[in-house]
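The values are calculated or read from the model by the stated rules, or taken from the named source; none is laboratory data. As the structure is a prediction and not an experimental result, all values here were calculated from the model. Glycine also receives a Cβ, built like all others from the backbone with ideal geometry; neighbour counts cover every protein chain displayed.
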Amino acid sequence: MTHILFKEIKVGTLTLPNRVIMGSMHTGLDHTDDPFNRMAAFYKERAEGGVGLIVTGGVSPNEQGLISPGATILNKPEQVDSYRIITEAAHRAGSKIIMQILHAGRYAKQHKLVAPSAIRSPINKFEPQEITHDNILQTIKDFANSAELAQQAGFDGIEILGSEGYFLNEFTAPRTNKRNDQWGGSLENRIRFPLDVVRAIRQKLGTNFLIQYRMSVLELVDEGWNIDDAKQFAQALEAVGIDIINTGIGWHEATIPTIAMQVPRAAFSWATAKIKSAVNIPVAAANRINTVDTAEAILQRGDADLVYMARPFLADANFVVKAQQGRADEINTCIACNQSCLDKIFVGQTASCLVNPRACHETLLPILSTTSNVKKIAVIGAGAAGLSFSVEAAKNGHNVTLFESKSEIGGQMLYAHLVPGKEEFDELLRYFTVMLEKYSVTLKTNHTVEAEQLKQEGFDLIALASGIKPRPLDIPGINHPSVMSYEEAFTQPDKIGATVVIIGAGGIGFDMAEFISHEASEQDPIQAYNESWGIDPEGLQAGSLTSPVPHKPIRNISLLQRKAGKFGRTLGKSTGWIHMIELQKRGVQMIGDLSYTKIDDQGLHIEREGEAQILTADTIIICAGQESHDQIAESLNGAAKQVVRIGGVKQVKELDAAQAISDGIELAYQLEQG
């Protein structure tokens with residue numbers, strides 16, 4: 001099959017070498033001590049990796065539009081030289097790059113925010129002021145000014161962000177635009193502002209400067225527009241000179257997931273296809289496109305002309321070149337966990353990537369050259385930390401032997417990938433398997449390590465990455481036949497009864513509740529997703545919303561935590577709410593502020609609010625934390641010149657693949673630093 005993905009395409013006056021656009025991302029690099037050099041290094045690696053077109057993170061056209069204090073802005077000539085650092089780095093590496101102009105509107109985390117109407121966003125504590133007519137006219141000039149400065153800085157074009165509930169999108173949606181002047185009311189009036197922005201930029205810069213517009217196709221919020229409105233807007237954008245349309249999905253305040261791993265791959269390309277059918281300019285599909293096969297299938301179906309992928313380029317800067325060279329199995333795939341990217345951004349940290357800790361840290365963790373001081377290394381445990389270190393150390397030229405007591409690699413990830421919605425962990429396991437072979441790591445599975453053996457083999461370094469195990473609880477009756485550990489429950493689901501009590505409401509408890517409440521189905525995943533979350537599959541309803549199809553619980557499940565207060569506090573900020581909603585749909589009962597008394601044939605005895613209660617259960621699953629799996633640790637003293645711990649065996653905490661993988665990478669760097 002001929003890959004459309006790697007065919008040239010003309011967009012505006014640019015000819016792109018392939019159909020892959022690296023999408024815009026909030027990285028937090030703008031808040032670091034050396035923002036422009038770090039951003040340049042970040043984009044340079046992706047450009048060298050073969051991407052056809054890069055879109056930068058959002059840059060504000062004025063002070064009112066800043067997403068937060070200190071965020072990037074381009075509104076003065078003296079700022080141009082800083083941005084030129086980015087464009088020159090991308091161009092030297094062989095890629096085109098455009099700057100996204102982002103006016104945050106009512107999503108701005110600062111006091112100067114404005115919106116079409118004075119309606120606060122449910123995800124922002126700051127109240128916006130209704131923007132005046134004169135300020136609208138000035139803002140149009142500010143967009144054009146920022147675009148002109150971008151051109152002077154060497155950008156090949158701009159992307160105007162008009163999606164996900166940001167400022168321009170707030171004008172087009174009845175939800176946020178309650179104006180009764182020329183900027184509100186009818187669809188014609190509501191789209192006037194973004195169209196005038198495009199006209200002003202075209203008038204100032206002419207037709208040779210690329211303008212890409214990101215519009216929300218499906219808004220997934222009450223009082224959002226429908227697909228017919230979106231198609232009319234797309235046609236209006238084409239008429240005023242847009243070169244390419246990029247199709248965003250949903251608003252940030254929508255209560256429907258759009259980019260998490262629970263969302264099926266390419267879940268929204270059907271909506272992009274409706275926009276493509278309405279215009280004659282190129283259209284890009286976005287959201288949950290993370291593999292070569294998924295991207296190619298979208299293009300082969302004719303749903304889009306290009307694919308717009310953001311986080312896959314956090315996971316692997318060389319996504320495109322690996323795919324072109326027939327090495328797709330070597331791509332480190334984005335698993336859409338959001339744990340190290342969005343969750344870090346939400347707490348003011350620099351983004352990274354669970355599967356690739358170097359992302360956004362390229363200047364701090366430069367690519368290592370092959371070592372001149374080859375070490376003989378033993379790694380004990382093929383979980384996330386052991387795999388990460390083994391691959392990185394072998395890549396740098398060290399002689400690595402990886403010991404694993406089980407029959408397959410993965411450690412705790414072998415349980416994670418069983419959870420419905422977390423199947424993407426299979427991609428990470430596939431990647432590590434390929435890398436172990438590529439870099440000649442000697443893998444010994446079904447092998448329980450003895451310290452004496454390691455001493456005899458003369459290792460220079462032993463990395464203990466034996467991970468964690470379930471923490472036992474001291475409850476009378478804990479050995480009752482109804483009790484299972486989470487490991488036993490994941491591996492022996494046929495032994496789980498119809499009425500289940502889960503002790504522990506951390507990440508593992510939530511995963512377990514999803515695992516045992518999910519019913520396998522032959523239904524198309526995208527159809528099932530649309531029905532479960534209430535998405536109109538034709539997009540004709542307001543906001544493209546419809547009534548969700550209710551779930552029929554397959555088990556009676558209670559999820560318990562000792563503490564009082566909210567459930568899910570330890571879950572990721574960007575995904576925790578998804579887990580909560582999913583379990584509520586499935587009828588999972590959440591009970592907190594209690595103590596455990598005993599377990600017997602009647603079930604689990606608890607005390608709550610001063611009263612003794614019995615929770616009847618066929619099965620009681622313990623998900624109450626972990627402890628270090630370090631039985632061999634003491635015997636390793638003196639078994640090598642250096643013995644180090646990484647991952648869960650070093651620091652016991654919630655299952656955290658991100659920290660484990662980062663530990664492995666950091667140890668590999670420490671080797672090269674002496």
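Please note which strands (runs of 3 or more DSSP E) are completely contained in region 9-105 and include at least 3 residues that are out of contact with any Leu (no Cβ under 7 Å at 6 or more places or on another chain) and assigned by TED's automatic domain parsing to the domain that holds residue 243.
Of the strands (runs of 3 or more DSSP E) lying wholly inside region 9-105, those with at least 3 residues that are out of contact with any Leu (no Cβ under 7 Å at 6 or more places or on another chain) and assigned by TED's automatic domain parsing to the domain that holds residue 243 span 53-59.
Would you check which residues across region 348-393 are closer than 23 Å to residue 34 by Cβ and of a type in the set (A, V, I, L, M, F, W, C) and list them?
Within region 348-393, 351, 353, 359, 360, 364, 365, 367, 368 qualify.
Can you work out which of the residues in region 177-230 that are β-branched (Val, Ile, Thr) and over 21 Å from residue 250 (Cα atoms) is surrounded by the fewest Cβ atoms within 10 Å (Cβ to Cβ)?
Within region 177-230, the match that is surrounded by the fewest Cβ atoms within 10 Å (Cβ to Cβ) is 207.
State whether one or more residues within region 135-150 are of a type in the set (Ser, Thr, Tyr) and farther than 20 Å from residue 210 by Cβ.
Within region 135-150, one or more residues are of a type in the set (Ser, Thr, Tyr) and farther than 20 Å from residue 210 by Cβ.
Could you list, ordered by first residue, the pairs with Cβ atoms under 6 Å in which the first is in region 154-172 and under 16 Å from residue 95 (Cα atoms) and the second is in a helix (DSSP H, G or I), at least 6 apart or interchain?
Partner pairs satisfying both residue conditions: 154/84; 154/87; 155/87; 158/147; 158/150.
Pairs please, first residue from region 360-385 and over 30 Å from residue 454 (Cα atoms) and in contact (Cβ under 8 Å) with a residue 24 or more places away in the chain, second anywhere and of a type in the set (Gly, Ala, Ser) and buried (at least 18 other Cβ atoms within 10 Å of the Cβ), Cβ atoms under 6 Å, 6+ apart in sequence or on different chains.
360/351; 360/352; 362/41; 363/41
If a residue has to be among the β-branched types (Val, Ile, Thr), modelled with pLDDT of 95 or more and surrounded by 20 or more Cβ atoms within 10 Å (Cβ to Cβ) to count, how many in region 616-648 make the cut? Reasoning before the result, please.
Within region 616-648, the subset among the β-branched types (Val, Ile, Thr) is 616, 619-622, 632, 643-644, 646.
Subsequent filtering for residues that are modelled with pLDDT of 95 or more retains 616, 619-622.
With surrounded by 20 or more Cβ atoms within 10 Å (Cβ to Cβ) added as a condition, the list becomes 619-622.
Of the residues in region 616-648, 4 are among the β-branched types (Val, Ile, Thr), modelled with pLDDT of 95 or more and surrounded by 20 or more Cβ atoms within 10 Å (Cβ to Cβ).
Inspect all residues belonging to region 154-171 and state whether any of them is in contact with a Leu (Cβ under 8 Å, 6 or more places away or on another chain), within 28 Å of residue 12 (Cα to Cα), surrounded by fewer than 21 Cβ atoms within 10 Å (Cβ to Cβ) and among the acidic types (Asp, Glu).
No - not one qualifying residue is present in region 154-171.
Output the residue which, of all residues in region 301-337 that are within 21 Å of residue 264 (Cβ to Cβ) and basic (Lys, Arg), is farthest from the chain's Cα centre (by Cα).
Ranking the qualifying residues of region 301-337, first place goes to 301.
Return only the number of the condition from (1) assigned to a loop (DSSP other than H, G, I, E, B); (2) in contact with a Phe, Trp or Tyr (Cβ under 8 Å, 6 or more places away or on another chain) that residue 479 does not satisfy.
(2)
Does residue 659 satisfy the criteria of being of a type in the set (S, T, N, Q), assigned by TED's automatic domain parsing to the domain that holds residue 413, part of a helix (DSSP H, G or I) and without any contact (Cβ under 8 Å) to a residue 60 or more places away in the chain?
Spelling it out, residue 659 is indeed of a type in the set (S, T, N, Q), assigned by TED's automatic domain parsing to the domain that holds residue 413, part of a helix (DSSP H, G or I) and without any contact (Cβ under 8 Å) to a residue 60 or more places away in the chain.
In the same structural domain as residue 13 (by TED's automatic domain parsing), more than 30 Å from residue 333 (Cα to Cα), in contact with a His (Cβ under 7 Å, 6 or more places away or on another chain) and of a type outside the set (Gly, Ala, Ser): which single residue out of 181, 228 fits that description? Full working, then the answer.
Numbers: 228 fails: in contact with a His (Cβ under 7 Å, 6 or more places away or on another chain).
Every option except 181 fails the conditions.
Could you check region 547-585 and list, in sequence order, the residues that are in a loop (DSSP other than H, G, I, E, B), surrounded by fewer than 17 Cβ atoms within 10 Å (Cβ to Cβ) and polar (S, T, N, Q)?
Those that are in a loop (DSSP other than H, G, I, E, B), surrounded by fewer than 17 Cβ atoms within 10 Å (Cβ to Cβ) and polar (S, T, N, Q): 547, 570.
Does residue 125 satisfy being without any contact (Cβ under 8 Å) to a residue 60 or more places away in the chain, closer than 24 Å to residue 192 by Cβ and basic (Lys, Arg)? Explain how you work it out, then say what you get.
Values: without any contact (Cβ under 8 Å) to a residue 60 or more places away in the chain: yes; closer than 24 Å to residue 192 by Cβ: no; basic (Lys, Arg): yes.
So residue 125 does not fit the description; no.
Tell me which strands (runs of 3 or more DSSP E) are completely within region 241-326 and hold 3 or more residues being surrounded by fewer than 22 Cβ atoms within 10 Å (Cβ to Cβ), without any contact (Cβ under 8 Å) to a residue 12 or more places away in the chain and of a type in the set (Ser, Thr, Tyr), or say none if there are none.
Of the strands (runs of 3 or more DSSP E) lying wholly inside region 241-326, none has at least 3 residues that are surrounded by fewer than 22 Cβ atoms within 10 Å (Cβ to Cβ), without any contact (Cβ under 8 Å) to a residue 12 or more places away in the chain and of a type in the set (Ser, Thr, Tyr).
Hey, among 362, 392, which residue is modelled with pLDDT of 95 or more, farther than 30 Å from residue 17 by Cβ and in contact with a helix residue (DSSP H, G or I) (Cβ under 8 Å, 6 or more places away or on another chain)? Before you say what the answer is, go through the steps one by one.
Values: 362 fails: farther than 30 Å from residue 17 by Cβ.
Checking each option against the conditions leaves just 392.
Hey, can you tell me all the residues within region 542-586 that are under 28 Å from the mean Cα position of the chain (by Cα) and among the hydrophobic types (A, V, I, L, M, F, W, C)?
Listed by number, the residues that qualify are 542, 545, 549, 559, 567, 571, 577, 578, 580, 581, 583.
Here are the criteria: (1) in the same structural domain as residue 22 (by TED's automatic domain parsing); (2) closer than 20 Å to residue 645 by Cβ; (3) not aromatic (Phe, Trp, Tyr). Tell me which single one residue 337 does not satisfy.
(2)
So in region 593-615, with the set limited to residues that are outside any strand (DSSP E or B) and in contact with a strand residue (DSSP E or B) (Cβ under 7 Å, 6 or more places away or on another chain), which one is surrounded by the most Cβ atoms within 10 Å (Cβ to Cβ)?
594
Please state which one of 275, 281, 380, 298 is more than 17 Å from the chain's Cα centre (by Cα) and assigned by TED's automatic domain parsing to the domain that holds residue 645.
380
Let's see how each residue does on (1) crowded, with 18+ Cβ neighbours inside 10 Å; (2) charged (D, E, K, R); (3) over 25 Å from the mean Cα position of the chain (by Cα):
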| position | (1), (2), (3) |
| --- | --- |
| 55 | yes, no, no |
| 72 | yes, no, no |
| 98 | yes, no, no |
| 106 | yes, yes, no |
| 131 | yes, no, yes |
| 139 | yes, no, yes |
| 144 | yes, no, yes |
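Give the residues of region 20-31 that are farther than 20 Å from residue 163 by Cβ and touching a Pro at 6+ places or on another chain (Cβ under 9 Å), sorted by residue number.
Answer for region 20-31, where residues must be farther than 20 Å from residue 163 by Cβ and touching a Pro at 6+ places or on another chain (Cβ under 9 Å): just 29.
Among the numbered criteria (1) closer than 22 Å to residue 177 by Cβ; (2) assigned to a helix (DSSP H, G or I), which one does residue 147 miss?
(1)
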